[in-house]
Amino acid sequence: MAVYGWRRLPTKHFGKVWVPLAKIELRDATGQFQAMALQIDSGATVSLLRKSVAVLLGIDLESGRHIDLSGVGGARTSAYVHSIPTRLERNSPSLTVPFAIATVETVPNLLGRLGIFDRLQVEFDASVRETRMTGPWIDEPNLKVWNVFLETEQSILGRWDQLDWPERVRDAARKLIKRASQVFSAAVGMVKLHRSDIGPLLVRPLMEVSFQFEYLMQNPEARVQEYLDYEHVARYQREQAYLSRQCGPVTRMVAESPQRERGQGRVKTEFDRVKKRFTNSKGKIANSWYRMTVRDLARAVNREDEYRLWYADFSCWAHGDPFMIDRNDSTPGTDLMVWCYTYYARMLLIVSGRMILSDEQYTVLKKLAQGFA
């Protein structure tokens with residue numbers, strides 16, 4: 001990954017402004033690479049160089065393909081296009097990038113889209129004033145699948161209110177789908193940043209949410225109220241954790257809030273209403289609405305082999321197991337996407353059984369839900 005800092009440069013009408021620059025290397029006629037700083041211009045179709053750069057690189061300017069470039073004001077600049085091996089940083093592989101080399105010196109050196117933006121991820125981050133360039137996070141063969149999956153997801157979520165489930169079932173299902181969508185989006189974000197090493201921390205909850213959803217939908221009428229009511233247990237337990245320890249500004253803010261008494265009373269009332277259902281014979285409150293271990297949950301939805309194969313690895317990674325920390329192959333980018341597709345697609349597939357999808361959407365969803373099978 002190439003990272004370039006921005007620089008404050010003077011402008012004619014707006015004083016000094018932050019400008020994204022790229023410090024790259026261009027190969028000259030002798031095969032040596034010459035360092036140059038170019039302004040990154042996402043509005044420029046082709047990269048542009050001044051006439052003097054041709055001399056620096058030992059390029060016969062007029063041996064290139066002649067073009068006339070038009071500026072914002074309509075002025076035309078004569079230039080010749082040359083394909084130049086380019087390195088984004090020292091010792092990185094070179095890319096062959098087309099450059100229009102002008103016949104004049106009165107143009108800026110610009111890095112445009114062709115050969116760069118169409119082959120790399122380019123991220124402008126104004127918050128830290130830097131530009132990052134990395135390889136693409138998804139390849140062409142998988143791009144169509146990705147687009148169809150997004151279209152299918154939106155089609156399903158956009159027609160949620162049309163589901164003929166009872167309102168409580170729709171409410172519970174929506175909560176689980178929403179959580180899966182959040183985790184899925186976070187995982188995709190990590191893949192885009194080429195940080196799929198964080199994958200186990202995301203696949204683990206996504207797997208569990210998927211198991212919960214399958215379990216709920218096995219018998220929604222009988223289980224939906226358990227899921228919805230457990231929210232009151234979780235809310236009460238979280239509140240007690242905040243109030244039992246004065247360990248920072250957040251807990252102090254909660255303890256000193258003028259609305260504490262009314263809110264605490266409401267939470268306690270709801271907790272008292274449902275707690276009996278989640279309390280065992282020894283008076284202990286269940287750790288989850290489904291009142292079993294994750295392994296038992298996996299067994300209940302016929303996913304125990306999957307649990308045994310993957311969940312232990314993901315948990316070891318999450319808990320800092322020394323063996324797992326040194327493994328860089330835990331979730332390579334492609335595998336991470338397969339895992340995420342698998343668990344989210346399974347959930348969407350269950351919902352889609354109550355909707356009409358196109359043949360392509362259904363086929364892609366069903367295939368993704370199979371995962372590594």
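Throughout, read-outs are computed from the coordinates displayed, never taken from laboratory work. As the structure is a prediction and not an experimental result, all values here were calculated from the model. Neighbour counts are summed over all protein chains in view; Cβ atoms, including those assigned to glycine, are modelled from backbone coordinates with ideal geometry.
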When the gyration tensor of the chain is built from Cα positions, what are the square roots of 5 times its three eigenvalues, in whole Å, from largest to smallest? 54, 26, 21
Packing rank of 207-217, 132-142, 304-314, where each peptide gets the mean count of other beta carbons within 10 Å, highest leading: 207-217, 304-314, 132-142
If we sort 78-89, 273-284 on the protection proxy, mean other Cβ atoms within 10 Å, highest first, what's the order? 78-89, 273-284
Percentage relative contact order, the stretch 2-134, counting C-alpha pairs under 8 Å, at least six apart: 30
Where a ≥ b ≥ c are the square roots of the eigenvalues of the C-alpha gyration tensor, would you call the stretch 2-134 rounded, which needs a/c under 1.5, or, failing that, prolate if a/b is larger than b/c, or oblate? oblate
Out-of-range pairs (alpha-carbon distance over 22 Å; input Lys23/Lys51; Lys192/Lys366; Lys144/Lys366; Lys144/Lys178; Lys144/Lys367): Lys192/Lys366; Lys144/Lys178
If I model the stretch 90-216 as equal point scatterers sitting on the Cα atoms and use the Debye formula, what is log10 I(q)/I(0) at q = 0.11, 0.18 Å⁻¹? -0.63, -1.16
